[in-house]
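Undergrad: Let me begin by handing over the structure; questions about it come next.
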Amino acid sequence: MKAQTKKTQQEMTPETSLQALKDGNKRFINASQVVRDLNAQVDATSSGQYPFATVLHCIDSRVSAEHIFDQGIGDLFSIRIAGNFVNEDILGSMEFACKLAGTKVLVVLGHTACGAIKGACDHARMGNLTALINKIEPAVDAVTIPVDESIRNSSNINFVNSVAAKNVEMTLIDIRKKSEILKEMEANGDLIIIGGMYDISNGKVTFYA
């Protein structure tokens with residue numbers, strides 16, 4: 001498969017861009033990935049890049065957007081931070097990727113058994129990690145079940161995964177609240193902003209409705 005060009009990027013819509021991610025994840029699950037010459041894609045993208053999607057996801061070594069969506073060099077803008085939340089710098093990166101570089105879909109991707117989420121559930125405190133955990137803890141507070149404090153921690157994987165899903169929802173709210181540029185693009189139909197959860201046990205991405 002050849003690298004994206006300006007023409008192929010322009011021909012894609014937000015809807016077809018999202019479908020390309022969904023189709024890629026199906027190929028990943030079924031071990032039917034597209035055969036790519038990555039070295040040729042390096043050469044083809046040396047004079048410019050025309051990605052169709054931007055994905056905010058965790059640094060977790062098991063969650064690589066390019067792999068789980070079966071995409072090649074030049075297809076995605078990949079933003080990675082533990083806990084997949086947004087700050088001013090990440091929002092600026094998203095605005096560049098979508099408004100200036102032309103991506104048509106923006107995905108906030110959480111995942112099951114997330115270590116950063118576990119740390120937030122346990123209210124971990126350690127060096128600079130403390131500030132990162134503080135940014136995720138509102139999602140912990142927003143999940144009200146279970147009530148019993150003794151099982152509102154990383155030992156309860158169902159709680160952890162509920163917090164991970166809530167964190168994605170809250171990040172989507174933050175994007176629309178803090179970026180007028182992205183909110184306007186979505187309102188004008190130029191961009192789809194959507195959340196999803198990746199299951200590390202089977203490789204499946206479930207997109208939010």
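Undergrad: Output the qualifying pairs, or none if there are none: Cβ atoms under 9 angstrom, residues six or more apart or on different chains, first residue in the stretch 123-140 and on the phi > 0 side of the Ramachandran plot and outside any helix (DSSP H, G or I), second residue modelled with pLDDT of 95 or more and surrounded by 13 or more Cβ atoms within 10 Å (Cβ to Cβ).
TA: From residues that are on the phi > 0 side of the Ramachandran plot and outside any helix (DSSP H, G or I), the pairs are H123/I133; H123/E137; H123/V140; H123/N153.
Undergrad: Somewhere in the stretch 164-184, is a residue within 17 Å of the chain's Cα centre (by Cα) and on the phi > 0 side of the Ramachandran plot?
TA: There is no residue in the stretch 164-184 that is within 17 Å of the chain's Cα centre (by Cα) and on the phi > 0 side of the Ramachandran plot.
Undergrad: Give the number of residues within the stretch 1-49 that are basic (K, R) and within 17 Å of I68 (Cβ to Cβ).
TA: Residues of the stretch 1-49 that are basic (K, R), as a first pass: 2, 6-7, 22, 26-27, 36.
Filter once more, so that each one left must be within 17 Å of I68 (Cβ to Cβ): 22, 26-27, 36.
Adding up the residues that qualify gives 4.
Undergrad: Can you name the number of the only condition in (1) out of contact with any Gly (no Cβ under 9 Å at 6 or more places or on another chain); (2) closer than 30 Å to I151 by Cα that M94 fails?
TA: (2)
Undergrad: May I ask you to say which residue of A101, A65 is of a type in the set (G, A, S) and crowded, with 22+ Cβ neighbours inside 10 Å?
TA: Values: A101 fails: crowded, with 22+ Cβ neighbours inside 10 Å.
The conditions single out A65.
Undergrad: Quick check, is K6 of a type in the set (K, R) and modelled with pLDDT of 95 or more? Don't jump to the end; show me each part of the working.
TA: Details: of a type in the set (K, R): yes; modelled with pLDDT of 95 or more: no.
The answer is no for K6.
Undergrad: Scan (1) within 20 Å of N202 (Cα to Cα); (2) assigned to a loop (DSSP other than H, G, I, E, B) for the single condition L21 breaks and write down its number.
TA: Of (1) within 20 Å of N202 (Cα to Cα); (2) assigned to a loop (DSSP other than H, G, I, E, B), only one is false for L21: (2).
Undergrad: Restricting the search to the stretch 43-71, which residues are charged (D, E, K, R), within 13 Å of the chain's Cα centre (by Cα) and not in a loop (DSSP other than H, G, I, E, B)?
TA: E66
Undergrad: Restricting attention to the stretch 111-125, and to residues there that are out of contact with any Gly (no Cβ under 8 Å at 6 or more places or on another chain) and not small (G, A, S), which single residue is surrounded by the fewest Cβ atoms within 10 Å (Cβ to Cβ)?
TA: R125
Undergrad: Looking at the stretch 25-52, I want the residues that are within 24 Å of Y198 (Cβ to Cβ) and have a partner that is outside any loop (DSSP other than H, G, I, E, B) and among the hydrophobic types (A, V, I, L, M, F, W, C) with Cβ atoms under 7 Å, at least 6 apart or on another chain. Which pairs are those?
TA: That search, which allows pairs on different chains as well, returns N25/I68; N25/V205; F28/I68; P51/L76; P51/F77; F52/A20.
Undergrad: Out of the stretch 53-88, which residues are under 17 Å from T8 (Cα atoms), in contact (Cβ under 8 Å) with a residue 60 or more places away in the chain and touching a strand residue (DSSP E or B) at 6+ places or on another chain (Cβ under 9 Å)? Talk me through it step by step, then tell me what you get.
TA: Of the stretch 53-88, the ones under 17 Å from T8 (Cα atoms) are 53-54, 71-77.
Subset that is in contact (Cβ under 8 Å) with a residue 60 or more places away in the chain: 72-75.
Selection gives D75 alone.
Undergrad: Sticking with this structure for a sec: Taking into account only those residues within the stretch 1-18 that are assigned to a helix (DSSP H, G or I) and more than 18 Å from the chain's Cα centre (by Cα), which is surrounded by the most Cβ atoms within 10 Å (Cβ to Cβ)? Explain how you work it out, then say what you get.
TA: Here is the first cut: in the stretch 1-18, the ones assigned to a helix (DSSP H, G or I) are 6-11, 14-18.
Retained after the next criterion (residues that are more than 18 Å from the chain's Cα centre (by Cα)): 6-11.
Details: K6: 11, K7: 8, T8: 12, Q9: 19, Q10: 12, E11: 10.
For the stretch 1-18, the residue satisfying everything is Q9.
The values are calculated or read from the model by the stated rules, or taken from the named source; none is laboratory data. Worth saying up front: this structure is predicted, and the values here are computed from it rather than measured. Neighbour counts are summed over all protein chains in view; Cβ atoms, including those assigned to glycine, are modelled from backbone coordinates with ideal geometry.
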